[in-house]
Every structure is written in C-alpha cells, then in structure tokens.
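What follows is a short report on a single structure.
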Amino acid sequence: MTPKNNIIIGIIIALLVVASYNVDANPIEFVEGLPNLAIVVDEMIQVEPKYIPTALWAMFETIQMAFIGTIVGVAIALPLSMLAARNLNSKYVYAPIRALLAATRTFPSILWALLFVIMVGLGPFAGVLAIIMYTIGFIAKLQYEVIETIDSDPMDAISSIGVSKFQLIHYVAIPESASHLLSQMLYMFDYNVRQTSILGLVGAGGIGFYIINYIKFFEYGKAAIFMIVVLATVLIIDWVSVKIRDKYIIKSQHGMEVTTK
Amino acid sequence: MKQIQMTKNLSFSLISTNKIIQMNNVWTSYDSKNFALEGINLSIDRGTNYAIVGQSGSGKSTLLKLMNGMMIPSKGTIKIDYVTPNMNNKKFKKMMHTIGYIPQSLGLVKNITVLENILLGALPRLNKIQSLFNKFPEHEIKEAIKIITQVGLTGKENRKAHMLSGGEKRRVAIARALMQKPTILLADEIVSELDHVTSREIMDLISEAQKRMNLTAIMVHHDIQLALEYANRVAVIKEGQKILEIGVEGDTIVDFQTGDMNTEEILEMYTDDSKK
Ligand SMILES: Nc1ncnc2c1ncn2[C@@H]1O[C@H](COP(=O)(O)OP(=O)(O)O)[C@@H](O)[C@H]1O
Ligand SMILES: [Mg+2]
C-alpha cells in the first residue's frame, strides 16, 4: 500500500459516509427493521395455492407483452441502427439518429410506461409500448456498435463492385452482424420479461399489477405466489437462452461442423 | 536485338487505342507527409496478364486501389478504359461492376455460403425488387454453378465461407470476381500465403480464365519468379516508384523501360530485392 492508495481509500470512505448521511441511510434502522421482515416472511409462507392459476395466467400475459415488445422493438431498431452506424453514413445522418436513440434510453421503461398510461390508458398496451421504446433505444445502440466493428474487408471488396448502399447493408453488413443480433434479442427478451413484471406498478399491465396490489393491502401470502412464478419464469428463460446460445451462436462463431455418424 | 525491340515498341504504339489502363505521373499519399506512390507511369494493354511485384510497403496495394477507384491520386492522371476512376463518377461507377477486385484479405462474407458469396458478384445486375427480396434470377444461379465448377468448388456450394481452406477461400474470391463478368481482374497477393502446389493451382486457374475471357489481369505478387512465370509483363515497384518493367520473350527477359535484354542482370536485381 502506497501513501497515495491510502489517501484514495480514505477519500472513498469519507464520500461513503457523507452520501449515507445525505440519503438517511442508517444501519441501526435496518437492524431495527429486521423483525418486520420476519413478519412479512411469516405471512408469505402462508401461500394460497388457489391463486396459482391466476398467477400463471398473469405471467403468460407478461411474457406475451415482453415478446411483442421485443420483436416490434427490434424490427424498428434494426433500420435505425443501420442509419446510426458511422461506417455506413455521413455525419448528417448518424448524428441526429444517435441523439434520438440516446434520448429514448435516458428514460427507464417504467417512465415510458407512465407516459403511455397517460396516452392510451391503463392496461397491457401501455406496457407493450413502453417495452418497445426501451428495446429500440437499447438494441439499436448494441447493433450499431456491432456494425461499426464488423470487418471492413468484405465491405470494401463488395463496395468496389459498385453496389448500392442498400445492397451493401443487405448483403454484407447484416450477415456479418447477424450472429450478434440473435444473442442480443435473447438477452433483450430475457431483460424485457423482468421489466414487464414491474410495469404493473404504474398500471401498465402484467404480473406486477397483482403483486403491487396485494402488497398494498398487506396480503403477502398472495403476493408471494406471484413473485415465485416470476422467479421461476426468469430462471427458465435464462436456462433456455443459454441452451439456444450454445446451440446456435457459440457453434456458428467457432465454425464447428456438425458430424453425423 | 535492339532492332527487334524497336519494331516491337512501334507496334505497341500503333495499337495504343487498346490501352485499358494508363497512369501518368501518379502521386498518392495517405497522410500529408509521405507519398505512397511517387510519379508512377503505367500503360497496360487490353488482355494482358500483368504483374506488379515489390517489397512489402512499396506501394503495390495502393496501386491496385487506384485502379478500382477506391483511392484517388493526389497528383497525375489515371484512365481506366479512358475513364477517370472515381466512385462519384456515374460512368466509372458503372464500370466498377466489371472490375473484379480481390483484396489481400479476400473480403469474403464469413457467415454466408460459398454460393451466396459468389452471387454477390451479380448484385449490380439485380433490380431493386430482386435485391430487396434476395431473389437472384434463375440464369444467374446457373451461371454461378457453372463458375463453381470452373474453379473446382463443386460440392462445397452450401458450405459457410469461414469453413473453407485457404486455397478454397481464394477460389471463392476468384469465382465472385468472375461472376461480375469482368473485363479487368485485380488481385492483391492472392497466393502469397499459400504453399507451392496450391499457389500454382490458383495461378493456373486465373491464367486459364484470363485467356478464355480475354481479361486484363493485374496481379500483385511477392514472388517475382512466380510473376515472371505467369505474366506477360512485370512491373517492379520500389519505395513508391516503378524501377523496372520487364517481360518474358521466349527464353529471355526484356526490360521494357530501357529496351535492354539482359537476363542475368535483371534476374539478379530482382532476386536481391525480394531477398531483402
Ligand atoms: N491505410 C493506410 N494509412 C496510412 N498509410 C498507409 C495505409 N495503407 C498503406 N499505407 C502506407 O503506404 C505505403 C504503401 O503501402 P501498400 O500499398 O499497402 O504497400 P504494399 O502493398 O506494397 O505492401 C506504405 O508505406 C504504407 O505504410
Ligand atoms: Mg499490400
């Protein structure tokens, strides 16, 4: 440890204390609050199995919302990412598109949901719109970054044939970045299921709507069922995406050949 | 001997309307300080199998990029079939459709198949609807299959490009260029990384296509022996300048810059150069 490191650690600790004071973070309150948690846990254990079908149905609705949001969001994000890629466009095209995409990303999905609840009213549709907006901002960014790092050699070779910009994108840029896209879509869907699960907080549909209402009325046992369903679903989706990734993406990147015996 | 050479030169000037590539005092640079090419003069007849050799960094690749319009000279004039190469020039852009260019890295699209890569050469012939729906006309697919047979890739049509050997990848790049129905074929060190036998297979393939289609082939090489074996003419580039232009006339090597025919001396000059 050099004296310089000690000073840096000292400064970090000082900042931590000041910030904790500012946000009223008090460890004593946390410890004093533990018995409350015990009450919640105790009530949660008294789950009411007759709510399981409702929970599953709500989860199914949530997954459908996430699915529509992901697919439509990606469909809109793709052309935007082509316009935002610096290696395909002039500054006058990519700069405004990037600014627009950055703006959509500054709002978390819950704020988008709030906005759309005001626009189209309570319900899942507002949630779907929120997920679409969020997906556009994220997938477009991930995708234009991929496009900017694709190999310039095929791009140069094919553009030297004198093809159109559209052909260059369609026949070189998209195939060269496609394997990343599938992986990003899986990730986004996974993420969107979690996001959609909380959009109910602002009345934008999905399973979160039930959870927040039961919690509001101290019905922790009912809330628990719904939370367990969310947890199980997220784990399953995670597991399935790993399988899909292994099968289609890892293989195509390493160029393994399928051997048939 | 001198006499023969002079009549030869005369005959060349008589058919000068058939110069497919003309470079006049061409200078280029990538940055403001150094010139990659310094005062290049070149004149290539239609239908020639032309080679450019030189050490690494001498400016060979730059020379090719000037010929397909990917770069423009900072000084001097270039005419490709009497048109100034420039991507923004409509007439030249149309010409690019029939200039096959194989960069040193080959420029294959890795995640698509051999057939799909080769069909890219036909892209300029598709209309907007066809390219939107990825619909190549039947006769283009037939043409691609014919070329696949010619370059010896039968059976590998549906293999992904990244799953091919070095020699096979080069065959795909050649096939893509042939799919362009080219009048000019530019290839940058296409055999430099290959073993002896495969190099010859690839060179034979190009030579055969060049003769059959009466192409003007301009190939950059590392190895001057190989260049002399296949080309009608070889330009030697050193530090951005053309120091020699030689050709094979029967058993002798002719220096076209001076008209001298001194096999030993010329061979020594280049051998030294490539050994450095
Ligand atoms: N993209 C580039 N940016 C800057 N300098 C370059 C670039 N490409 C080539 N050069 C320089 O131009 C000169 C000629 O390069 P190049 O034509 O690639 O040579 P060769 O193909 O004979 O090896 C070299 O000095 C090289 O460093
Ligand atoms: Mg080079």
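Considering only residues that are more than 7 Å from every other protein chain (Cβ to nearest Cβ) and free of Cβ contacts under 8 Å to residues at least 40 places away in the same chain, look in the stretch A:154-165 and name the one that is least open to solvent (accessible area, probe 1.4 Å).
Step one: filter the stretch A:154-165 for residues more than 7 Å from every other protein chain (Cβ to nearest Cβ), giving A:155, A:159, A:164-165.
Now narrow it down to the ones that are free of Cβ contacts under 8 Å to residues at least 40 places away in the same chain: A:159, A:164.
Values: A:Ser159: 27, A:Ser164: 53 Å².
Residue satisfying both the conditions and the ranking: A:Ser159.
Residues of the stretch B:183-198 being open to solvent by 10 Å² or more (accessible area, probe 1.4 Å) and away from ligand 1 (no atom under 16 Å from the Cβ), which ones?
Residues satisfying the conditions are B:Thr183, B:Leu194, B:Asp195, B:His196, B:Val197, B:Thr198.
Under 8 Å by Cβ, and 6 or more places apart or on different chains, what pairs join a residue from the stretch A:182-211 that is in contact (Cβ under 8 Å) with a residue 40 or more places away in the chain with one that is part of a helix (DSSP H, G or I) and charged (D, E, K, R)?
Listed by first residue and then by second, the contacts come to A:Ser183/A:Arg245; A:Leu186/A:Arg245; A:Asp190/A:Asp238; A:Gly205/A:Glu61; A:Gly206/A:Glu61; A:Ile207/A:Glu61; A:Tyr210/A:Lys222.
Which ones in the stretch B:82-102 are under 26 Å from B:Val172 (Cβ atoms) and β-branched (Val, Ile, Thr)?
B:Thr98, B:Ile99, B:Ile102 - these are the residues of the stretch B:82-102 that are under 26 Å from B:Val172 (Cβ atoms) and β-branched (Val, Ile, Thr).
I'd like the full set of residues that are within 16 Å of ligand 1 (Cβ to nearest atom) and either farther than 16 Å from B:His162 by Cα or surrounded by fewer than 19 Cβ atoms within 10 Å (Cβ to Cβ) (or both), limited to the stretch B:94-126. Lay out the reasoning, then the answer.
Within the stretch B:94-126, the subset within 16 Å of ligand 1 (Cβ to nearest atom) is B:101-107.
Matches in the stretch B:94-126: B:Tyr101, B:Ile102, B:Pro103, B:Gln104, B:Ser105.
Considering only residues of the stretch B:55-79 that are charged (D, E, K, R) and away from ligand 1 (no atom under 12 Å from the Cβ), which is nearest to B:Asn18 (Cα to Cα)? So that I can check it myself, show each step before the final result.
The first filter runs over the stretch B:55-79 and keeps only residues charged (D, E, K, R), leaving B:60, B:65, B:75, B:79.
With away from ligand 1 (no atom under 12 Å from the Cβ) added as a condition, the list becomes B:75, B:79.
Details: B:Lys75: 24, B:Lys79: 12 Å.
By that ranking, first place goes to B:Lys79.
Would you mind stating whether B:Tyr82 is more than 16 Å from ligand 1 (Cβ to nearest atom) and among the aromatic types (Phe, Trp, Tyr)?
So B:Tyr82 fits the description; yes.
I'd like to know if the stretch B:215-225 contains one or more residues that are within 16 Å of ligand 1 (Cβ to nearest atom), at pLDDT below 90 and open to solvent by 30 Å² or more (accessible area, probe 1.4 Å).
Yes: one or more hits.
Would you check if B:Lys91 is within 16 Å of ligand 1 (Cβ to nearest atom), free of Cβ contacts under 8 Å to residues at least 60 places away in the same chain and among the charged types (D, E, K, R)?
no
Would you check which residues across the stretch B:19-45 are within 14 Å of ligand 1 (Cβ to nearest atom) and open to solvent by less than 30 Å² (accessible area, probe 1.4 Å) and list them?
Going residue by residue through the stretch B:19-45, those that are within 14 Å of ligand 1 (Cβ to nearest atom) are B:26-38, B:40.
B:Val26, B:Thr28, B:Ala36, B:Leu37, B:Ile40, listed by residue number.
Considering the stretch B:46-66 alone, what residues qualify as being polar (S, T, N, Q), near ligand 2 (Cβ under 9 Å from one of its atoms) and either outside any loop (DSSP other than H, G, I, E, B) or open to solvent by 10 Å² or more (accessible area, probe 1.4 Å) (or both)?
Answer for the stretch B:46-66, where residues must be polar (S, T, N, Q), near ligand 2 (Cβ under 9 Å from one of its atoms) and either outside any loop (DSSP other than H, G, I, E, B) or open to solvent by 10 Å² or more (accessible area, probe 1.4 Å) (or both): B:Ser56, B:Ser61, B:Thr62.
Which condition number in (1) surrounded by 10 or more Cβ atoms within 10 Å (Cβ to Cβ); (2) in a helix (DSSP H, G or I) is the one that A:Asn5 fails?
(1)
Going by the structure shown, is B:Lys91 within 28 Å of A:His170 (Cβ to Cβ) and either open to solvent by less than 20 Å² (accessible area, probe 1.4 Å) or not β-branched (Val, Ile, Thr) (or both)?
Here the answer is yes, as B:Lys91 does meet what is asked.
Could you grab me the full set of residues in the stretch B:218-237 that are within 14 Å of ligand 2 (Cβ to nearest atom) and either closer than 21 Å to B:Ile184 by Cβ or of a type in the set (A, V, I, L, M, F, W, C) (or both)?
B:Ile218, B:Met219, B:Val220, B:His221, B:Ile237
The values are calculated or read from the model by the stated rules, or taken from the named source; none is laboratory data. Because the structure is predicted, anything quoted here is derived from the model rather than measured. Counting neighbours? That spans all protein chains shown, and the Cβs are built from the backbone with ideal geometry, glycine included. Only protein heavy atoms, including side chains, enter the accessible area calculation; ligands, DNA and RNA are left aside. Shrake-Rupley method; radii C 1.70, N 1.55, O 1.52, S 1.80 Å.
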